[in-house]
1. Counting other beta carbons within 10 Å of each residue's own, what order do F83, F431, F107 fall into, fewest first?
2. Report, to the nearest 10°, how far helix 272-313 tilts away from the longest principal axis of the Cα atoms in the chain, using its own Cα long axis and a range of 0 to 90°.
3. Which whole-number percent gives the relative contact order of the stretch 1-131, counting Cα pairs below 8 Å spaced six or more residues apart?
4. Mind pulling the angle between the C-alpha long axis of helix 474-487 and the longest principal axis of the chain? Nearest 10 degrees, somewhere in 0 to 90.
5. If contacts are Cα pairs under 8 angstrom and at least 6 residues apart, what is the relative contact order of the chain in percent?
6. Hey, with R₀ at 45 Å, roughly what FRET efficiency would Q16 and S59 work out to, going by the Cβ-Cβ distance, to 0.05?
7. Using θ = phi - 60° and the Karplus form 6.51 cos²θ - 1.76 cosθ + 1.60, what ³J(HN,Hα) does each residue of the stretch 115-126 get, whole Hz, x for Gly and Pro?
8. Can you pick out the pairs among K345/K374; K186/K234; K186/K345; K9/K186 whose Cα atoms lie more than 19 Å from each other?
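A short reminder: the numbers here are calculations on the coordinates, not readings from a lab. Quantities reported herein were computed from a predicted structural model and do not represent experimental measurements. So basically every Cβ, Gly included, is an ideal-geometry build from the backbone, and we count neighbours across all protein chains shown.
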Amino acid sequence: MTVFLRMVKESLRHWQLLLVVLALSIAAQAGMIAIPAIVRRMIDQVFDEGRTELLPLLSIGVVGLALAKAALQYAEMVNGGRFGQNVMRDMRRTVYHKLTRLSFGYFDRTRTGELMSRITNDMEPIGFFLMFYSRLIVRSTLLFLGTFIYCLTMNWKLALASLGTLPLLTITATICGAYIRPAFEKARAVLAEVTSRLQESIGAITIVKTYCREEREIERFFGDSKRLRDANYKAEKIDALYFPLTGFWAALAGVIVVWYGGVLTIRGEMSSGEFIAFNMYVAFLIMPMRMMGWGVSNAMRSLAAAERIYAVQDETPDLESPPDPKPVERLKGDIELRNVSFSYKHGEPVLRDIDLNIRTGETLGVLGTVASGKSTLTALIPRYYDPDAGQILIDGEDVRELNLEQLRAQIGMVFQESFLFSGTIRENIAFGRVDATEEEIRKAADDAAILEFIDSLEDGMDTQVGERGMRLSGGQQQRLAIARALLTDPRVLILDSCTSSVDTYTEYLIQQALENVRADRTTIIIAHRASSVAMADRVIVMDGGRIVQEGTPEELSADEDGLFARFDRLQQDLEGLEVA
């Protein structure tokens, strides 16, 4: 289905409002066409025939029609704007719905700024088209056709002569249209790149200022802005050629009407009133031709933008629930990985032949070097990704056969970089369970060792955390993220380096809190420090995408040549330096 037909389909969802707008537009254009007809009678009957008694009545008719046309146009604009906003709302909802349903792999390969540009910047030309230019095209078409049909009843020869330049206008529209849309598509793509650069720079403003790279970033952004200027300039040059050319052909049609109409009037084939009225109608023929060119030009802009939005809507999620998924009842939490291998990019394995069984209620520590595959291993359990080979089973069932939402609802994840939403502390803790009671929220906060801090704040649970939680320290953000996960009462709790940004005392508090909540659930703790997994029943150590050590913390510490012992000694050395 073409982009245009898809936009029509979007619009037809609001067909009742569309019919109202169309009816108002037809009535308004009919009123406009009727005014020169009354003027024609005024000239022929009042001035040529001397029937002055008709002048007041005909004058009132002209004024009344003008007022009615103005009222109809106002109603059309109000309802047309409402129609356009409704369609835009639906498009935003559809594309955002698709974004929330797409798999992690899509966001791994797509920049955030580009997605933001599609949802915001690309909606702008579509909105202008739906709310104004689409109605401009409809009005122009109705006015042109209505005027031409009426002119045929007056004098068919002159009416046909007025269309003498129509083939030239059509050829111009076809040729320019073939260049305008690709030019606008290029400009929209460059705008997305500029938005991505801006989003990245502002997000990393602390790094930019720390390294005194303001001038370099300004220069890079200026370069991107120049590329955007050049892309828009190229599109505007084509647009600038299109509108004057169509206007010229329309004006030439007016010259033909005046010349040929004058000849017919001199011959007596037209009355003076008909000639004057026809010249008024010429404006009604010329104006739609000019407006049509303007409207079509902006339609090309909106089609280029819509194509980028529909590209997101047409994305297929990498992972979905199977057609007939097995329902997920209350999980026990027994997890098994059978010969699992995985790579984000073809030929670059991150996990290699992993065999692992995590017993129900067990706390497993995962320690390893950087890029050893620790986080990737746990990302496969809630099926953020599917393995290239092997199986992940929970309670004996392959996760690929389970209902995806029901599976993830029973797995709590706390990531290394905790993300808090703008809003209150209460809203962030209750994000996964908006129906939670105050008592449940406070208990989750207490379990995460953050309740005492919350109660010390002036606004308590109603404290605003700021954008991305910037009003809180890293450790406070992490503990709120843990509270958010605990509130959902997950059967499997995965803590991905969640103590990496906290001090030793806060880590101790979190570990003490987890002692109370991990007894009846399977818990996986990913860490960079041996002390972070000291509470684990069992620890695996990873290196190069493989499990190279496995055992209790005590057993692994006893192996002085193993990675675990080396991590432990390194940590003790660092703590000794801090004390010194």
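1. Ordered by Cβ neighbours within 10 Å, fewest first: F107, F431, F83.
2. The angle comes out at about 10 degrees.
3. About 31 percent, as a whole number.
4. Approximately 90 degrees, to the nearest ten.
5. In percent, rounded to a whole number, it is 14.
6. 0.75
7. 5, 4, 5, 5, 6, 9, 4, 6, 6, 4, x, 5
8. Cα-Cα > 19 Å for K186/K345; K9/K186; rest within.
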